[in-house]
Every structure is written in C-alpha cells, then in structure tokens.
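All remarks here apply to the structure that follows.
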Amino acid sequence: MTPTAKILLLGSGELGREFVIAAKRLGAYVVACDSYAGAPAMQVADAAEIFSMLDGDALAAVIEKHKPDHVVPEVEAIRTEVLKDYEDRGFSIVPSARATMLTMNRDRIRDVAASELGLTTSKFLYAESLDEMRAAVDEVGIPCVVKPVMSSSGKGQSIVTAPGAVDAAWDYAVSGMRGDRQRVIVEAFVAFDYEITLLTIRTREGVLFCDPIGHRQERGDYQESWQPTPMSKKALAAAQDMARKVVDNLGGYGLFGVEFFVAGEKVIFSELSPRPHDTGMVTLISQNLTEFDLHARAILGLPIPHIQLLGAAASAVILADRDAEDFRFEGLAEALAPTPGAETDIRLFSKPVTRRNRRMGVALALTRDGTAEQAREAARKAASRISIHYGEEG
C-alpha cells in the first residue's frame, strides 16, 4: 500500500502516541523519533529513530534519510534552525518553522502576543541571572510566577510569595530548564477565576475552535481537565479572537493549544503550543473528533466536519510516585467498572520507566446528561482505582 503521507514525528510521548494512531487511521506512514528506545509513540509507529533533537546534525540526517511529506514536532526542545532550513528547501514543517521557533521559548511567543499583536497579557520581564531576576521581581511585584523560557510539564515553575524565596525560585527554574539558554520569565501573578485551553485548528478553509477546556494544575503541570467550561459569550469571543490572531500570525496548518486566564469578562493570554495539548486529552472521550484527529486532518488537508461535544467530560492523570524500571498497574477492571451516570475509560501510556510525578496514564469520564463536575468526580474516582506496584513490593 502506498501511504497517504509519510510523517516524521519529533517526540514520542503520550501525545505523540495518540497522534500516531490518528494519522495511521488515515493511511499515513509514521516514523517516531525520541531520545530513548521504546517511547510510547514508537510502540505504534511504522518505524523509529533514536537521537537527541537538539543535535542538529542528527536531526538533519534523519530528515534526509526519510524525506517525509510532513515533519511534525511534539516537543519544544528541537534545533528549530534546522527545521527552518528544510522548510526553505520545500519540506512541510508543522505547523510552520516560524511557529516552532517562536514557541520553543516562552519569551518569543510572549513578545509576539504582547508587542506585535497587542494581546492582553500579564506584566512580565526576563532575567538571565539571579541578580537580573531579583531586579525583575522587584519591578513586577510579589506574588509573581517564575518559569524557565523553555521547559515541559511545568518543570522549573514556581510562585514567589516572599522576597526570601527569590533565590530558591531561580535555582528551581535552572534545574527545570531545557535548551541552551539560561533565561527565565518573571510574570505578575494573575488573580484569575479560572484558566482554559482553547484548542484552535488552523485549516486551509479557516480557523475552527473546540469548546473551551478548563484545567487544574499542580507544580505547574496539569492534573485534571474538563470540557466544557462555562464562559460568557463576551469572554469566549475575546478568547477566540486572540487565538485566531496568534495562529494566523504563526501560519501553517494544524491544531494549537492556546491557554488563557479568565477573570470575569477579562481574558488574558498565557501560552501557546503549536500541537495537541495535554489538557486536551479529555477530547479522547468528549468529542466526535479528538484533538489528535483534528491535528492529523488539518495537517493532511482533509475535511473537518462539525466538531460535536458528546456531553460533559473530564480527564484525571495517573501519576507515579518514585523512579523505577520494574513496575506494574493494578485496578484496571475496577477503574473501568460501570459508573452510574458516567462512562469511563483509561489510557495507559506504556512508558518504560517511572519517575516521581511522571504521568503514566489518564482516566477519562463522560456524562451525556450530567455536569462537568460530575464527570470530574467520575474521572478522579477511576484514576484513584489504578495503582502502580513496584518490583520491590512483590
């Protein structure tokens, strides 16, 4: 069979795994890449490559070897200048090389949003040393949030609530950094009512939106998400307008996860990922087309029918509590047992090792006639029934 497209996937975590499944359902051939063998997406892909995507020579060699129709990044830490070079040579970089370059670091996309597009953001400054960070905190004010400009899953992010906590926040940010630059963003703490992810799909026919997704974080990393999140028409229109502006500025086709803080009718741009978003895993049960289906269709230029919400739904993460290579899951039958008023499902990510607070799976719940809070309760209950047993426990 001749595949509909050859896709080179850069990053093979749980989001990449679901994307591979969606793309292969549409006839694509997928080569999954990551820095270690047996990554989740590799287990379902057609082929795999193991290398650091911060190694520009290795990245170029893999692109030359496979000559893909589309290069699809799943992670931030990539030699984006290599992607730009290949885009200039006619390769399709998803959603665009410029998008990967700007979103690889929080400072670049924040500058575009605030300075070029005039979007509402929190007050922020950058710092490249402890002394600069102390000065930035003085100007931004306490409380404030400190984040590495490049990291993943909330690593290195903290809230400074007192002057004496600045040095520790700097050290923690440095420990969670990725990439070459030692730089942090210091932003004013936003007293928001709730935060959302607005999944935004840029297609050849225009920009589409999913219903807003609410989420709760701990340690800067998502713990649960739910859809829909009630928003006023005014607030939703403002979020959609800002999301459309920023994805049109970035260009290309695919799904973007655009994050906002909402305080009353005020909507504040936070961050953007030019790929499926972890909080969007709720769409594995909430919609007729998941965020991964939507990403694949937009990339391949395929029609996207009406995006239909099936009910109120939620996701809750399943976390490890230690580092281990020998472990097993228990409680799957209990987690999948029928729940009055809700449908539940489990996705285990098949990661080869655990680490403390590493996401190993997600519980999903859907109530067709109930509320998001009922779905959240069902998802949390299902997640709590999954336990991880480690080798030394017998």
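The values are calculated or read from the model by the stated rules, or taken from the named source; none is laboratory data. This one's a predicted model, so the numbers in the text were calculated from it and none came from an experiment. For neighbour counting, all protein chains shown are included, and Cβ atoms are generated from backbone atoms with ideal geometry for every residue, glycine included.
Numbers for the structure displayed
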read-out	value
Checklist (1) without any contact (Cβ under 8 Å) to a residue 12 or more places away in the chain; (2) crowded, with 23+ Cβ neighbours inside 10 Å applied to residue 144, failing item	(1)
Subset tally (residues that are in a loop (DSSP other than H, G, I, E, B), charged (D, E, K, R) and in contact with a strand residue (DSSP E or B) (Cβ under 7 Å, 6 or more places away or on another chain)) for the range 122-166	1
Close pairs from the range 165-179: first of a type in the set (Val, Ile, Thr), partner surrounded by 21 or more Cβ atoms within 10 Å (Cβ to Cβ) and not in a loop (DSSP other than H, G, I, E, B), Cβ under 7 Å, at least 6 apart	166/133; 166/137; 166/160
Complete set of residues in the range 182-216 that are exposed (fewer than 15 other Cβ atoms within 10 Å of the Cβ) and touching a strand residue (DSSP E or B) at 6+ places or on another chain (Cβ under 9 Å)	182, 191, 193, 216
Residue check, residue 36 of a type outside the set (A, V, I, L, M), surrounded by fewer than 23 Cβ atoms within 10 Å (Cβ to Cβ) and either in contact with an Asp or Glu (Cβ under 7 Å, 6 or more places away or on another chain) or assigned by TED's automatic domain parsing to the domain that holds residue 292 (or both)	no
The listed residue being within 25 Å of residue 319 (Cβ to Cβ) and surrounded by fewer than 22 Cβ atoms within 10 Å (Cβ to Cβ), out of 122, 115, 158	158
Selected residue (criterion: nearest to the chain's Cα centre (by Cα)) from residues of the range 268-284 that are buried (at least 24 other Cβ atoms within 10 Å of the Cβ) and of a type in the set (Val, Ile, Thr)	279
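Every residue, every condition in (1) at pLDDT 95 or above; (2) not in a strand (DSSP E or B), yes or no:
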residue: 303; (1), (2): yes, yes
residue: 307; (1), (2): yes, yes
residue: 318; (1), (2): yes, no
residue: 328; (1), (2): yes, no
residue: 334; (1), (2): yes, yes
residue: 345; (1), (2): yes, no
residue: 351; (1), (2): yes, yes
residue: 357; (1), (2): no, yes
residue: 362; (1), (2): yes, no
